[in-house]
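First comes the structure, then the notes that go with it.
None of the figures in this text is laboratory data; all of them are computed from the coordinates on show. The shown structure was predicted, so the numbers you read here are calculated from the model rather than taken from an experiment. Every residue, glycine among them, receives a Cβ derived from its backbone with ideal geometry; neighbour counts consider all protein chains shown.
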Amino acid sequence: MGTNLILLSALALGAAIGTSGSPGPSAAAALDETARFLAGKGAGADSKLAAYARGGFYAEYSEQIKTGFARFQQPNLVEMQTWWRKYSPATSPAVFYPFSGPDIAHAIALFPDADTYLLFGLEPPGAIPNPRAMHPDTIRAGLNGVLTSLDTIFEASFFVTKGMERKLGRTSFNGIAGLLMLFLAMSNCTVTGARKIAVGPDSTLVAGTAADEAILWQSPPLSRVPGVEITFKRERGKPQTVRYFMLNVEDASLAKSSPNFLPYVKSMGRVATVIKSASYLMHKDSAREPPPCFDQIRALVLAQSDFIVQDDSGVPLKYFARDRWKLLFHGYYEAPIPMFSNLLQKDLKLEVQKTSTGKLPFSYGYNRKRGESNLMTAERIQ
């Protein structure tokens with residue numbers, strides 16, 4: 001699973017991508033080539049990766065990536081985008097995607113024109129991959145790691161956090177940084193920059209350090225939230241940025257280790273929020289239930305969002321004041337999957353039965369069988 005993968009040193013990595021996070025043309029081209037290489041799209045004839053990309057193993061890897069995407073992700077995303085045009089808000093300069101893992105694909109499918117996307121999860125940011133500096137055997141091990149990580153994402157259309165950390169490589173292609181680059185390339189975006197970042201003690205963005213690689217979400221240093229930033233653009237499009245951070249947003253952990261993170265999110269201003277397959281974490285109420293609870297992140301979503309699109313695993317319906325939100329219900333909702341069967345929302349079930357706009361022509365969230373997914377959109381009216 002790539003535990004012996006070899007990467008550039010922090011110094012060499014800084015030289016490769018630029019310490020300012022704004023690489024020159026050659027560095028930007030190298031990053032985009034890496035993203036395309038990870039996405040199974042080969043390499044240019046004059047690339048150092050050209051010979052490897054012509055080999056038998058890479059051909060098999062490329063075919064598996066393309067087949068998985070074409071079978072599961074691409075048709076679902078296209079159908080979702082077509083349906084979504086009727087319900088999407090007019091503008092969304094900033095998108096917040098809690099508990100996302102590396103799922104930038106759904107964020108840009110729902111909100112393609114945002115300037116900034118902010119994602120977070122428990123998975124480490126990982127290294128910014130540079131296959132040109134690797135031995136062919138190391139590249140092969142890294143690509144095998146990517147396939148392992150993508151098994152669930154392609155088939156289930158969500159990123160499974162539990163047990164996934166051992167599948168991810170901190171120094172390989174299948175860290176969050178590598179997977180973000182891969183998904184951007186598969187979404188026909190051009191990667192233009194990448195750098196390690198962190199949220200510092202004063203809740204502002206700072207450069208990442210080599211020491212960030214050793215941070216664990218279970219025991220982070222006070223007020224240091226490690227992450228990765230990737231810039232990209234679409235054809236003839238504007239520059240766009242995705243930032244991913246690793247942290248635990250459970251109330252006690254925020255208070256103890258990361259009190260700087262929510263103020264950083266607030267500094268983004270008004271946001272559109274995407275919630276999908278969020279493990280029902282924001283359902284627990286600290287006034288009635290024992291920890292861990294997620295009251296703070298739920299409160300931030302409700303306070304800072306002008307628009308929310310979510311499945312039933314997001315913010316429970318009972319927290320949406322009807323005089324503040326215009327709510328629409330879509331799809332089918334009978335009950336959560338068995339793993340979360342105790343989290344049935346009776347009020348949501350009644351609303352969907354009464355007012356649903358109809359079954360969804362795509363899968364979204366845990367109930368991934370066609371026709372069994374649900375969505376709620378919430379637009380702030382005051």
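Please turn the phi angles of the stretch 36-48 into ³J(HN,Hα) values with the Karplus equation 6.51 cos²θ - 1.76 cosθ + 1.60 (θ = phi - 60°), one per residue in order, whole Hz, x for glycine and proline.
Each residue of the stretch 36-48 in turn: 5, 4, 5, 7, x, 9, x, 8, x, 4, 9, 7, 5 Hz.
Putting +1 on Lys and Arg Cβ atoms and -1 on Asp and Glu Cβ atoms, find which of Ala90, Ala272, Gln240 reaches farthest to the positive end of the dipole of the chain.
It is Ala90, whose Cα lies furthest towards the positive end.
Output wanted: per-residue J couplings in Hz (rounded whole) for the stretch 323-334, from phi through Karplus 6.51 cos²θ - 1.76 cosθ + 1.60, θ = phi - 60°, x for Gly and Pro.
For the stretch 323-334, the Karplus curve yields 7, 10, 10, 8, 10, 10, 10, 10, x, 10, 9, 10 Hz.
Given H placed 1.01 Å from N in the peptide plane, which residues other than close sequence neighbours of Thr192 have an amide H under 5 Å from its amide H?
Thr231, Phe232, Lys233
Mind checking the angle between helix 346-355 and the chain's longest principal axis? C-alpha axes, 0 to 90 degrees, to the nearest 10.
The angle comes out at about 90 degrees.
To the nearest 20 debye, what charge dipole does the stretch 282-352 have about its Cα centre, counting +1 at the Cβ of each Lys and Arg and -1 at the Cβ of each Asp and Glu?
Rounded to the nearest 20 debye, it is 140 debye.
Towards the positive end of the charge dipole of the stretch 10-380, with charges on Cβ (+1 Lys, Arg; -1 Asp, Glu), say which of Ser258, Ser47, Pro220 has the farthest Cα.
Toward the positive end, the furthest listed residue is Ser47.
So in the chain, what percent of DSSP beta bridges are antiparallel if you round to the nearest 5?
65 percent
Under unit Cβ charges (Lys, Arg +1; Asp, Glu -1), what dipole magnitude, rounded to 20 debye, does the chain have relative to its Cα centre?
With only Lys, Arg, Asp and Glu charged at Cβ, the dipole is about 500 debye.
Regarding the chain, what are the three Cα extents along the principal axes, ordered largest first, in Å?
60, 44, 38
Report, to the nearest 10°, how far helix 295-304 tilts away from the longest principal axis of the Cα atoms in the chain, using its own Cα long axis and a range of 0 to 90°.
90 degrees
Evaluate the relative contact order of the chain (contact order divided by residue number), counting alpha-carbon pairs under 8 angstrom at least 6 apart; express in whole percent.
Computed over the chain, the figure is 16 percent.
For the stretch 298-358 and the stretch 26-63, what is the separation of their Cα centres, given in Å?
With the stretch 298-358 and the stretch 26-63 each reduced to a Cα centre, they are spaced 43 Å.
Tell me whether the stretch 248-310 comes out rounded, prolate or oblate; compute the Cα gyration tensor, take square roots of the eigenvalues as a ≥ b ≥ c, and use a/c under 1.5 as the rounded threshold.
Oblate.
Dipole size in debye (nearest 20) for the stretch 168-266 around its Cα centre, Lys and Arg Cβ +1, Asp and Glu Cβ -1?
Computed about the Cα centre, the dipole is about 380 debye.
How high is the FRET efficiency from Tyr332 to Arg380, r the C-beta distance, R0 41 Å, rounded to 0.05?
0.95
Give, as a single signed number, the net charge of other residues whose beta carbon lies under 9 Å from the beta carbon of Pro226, with Lys and Arg counted +1 and Asp and Glu -1.
Computed value for this residue: 0.
Return, ordered by residue number, the residues of the stretch 106-129 whose backbone nitrogen is under 14 Å from a label point located 7 Å along Cα→Cβ of Thr91.
113-116
Return the sequence-ordered ³J(HN,Hα) values of the stretch 229-238 in whole Hz as given by the Karplus equation 6.51 cos²θ - 1.76 cosθ + 1.60 applied to θ = phi - 60°, using x for Gly and Pro.
Those phi angles translate into 10, 10, 9, 7, 8, 8, 4, 6, x, 7 Hz.
Can you compute the FRET efficiency between Tyr319 and Val206 using 1/(1 + (r/R0)^6), with r the Cβ-Cβ distance and R0 = 45 Å? Round to the nearest 0.05.
Efficiency, from the Cβ-Cβ distance: 0.85.
What is the stretch 223-382 by shape, rounded, prolate or oblate, if you read a ≥ b ≥ c off the alpha carbon gyration tensor as root eigenvalues and call it rounded for a/c under 1.5, prolate for a/b larger than b/c, and oblate otherwise?
In terms of gyration-tensor shape, oblate.
Label the stretch 208-290 by shape, choosing from rounded, prolate and oblate, from the square roots a ≥ b ≥ c of the eigenvalues of the Cα gyration tensor; if a/c is under 1.5 it is rounded, and otherwise prolate applies when a/b is larger than b/c, oblate when it is not.
In terms of gyration-tensor shape, oblate.
Roughly what % antiparallel, to the nearest 5, for the DSSP beta bridges in the stretch 284-382?
Antiparallel: roughly 100 percent of the beta bridges in the stretch 284-382.
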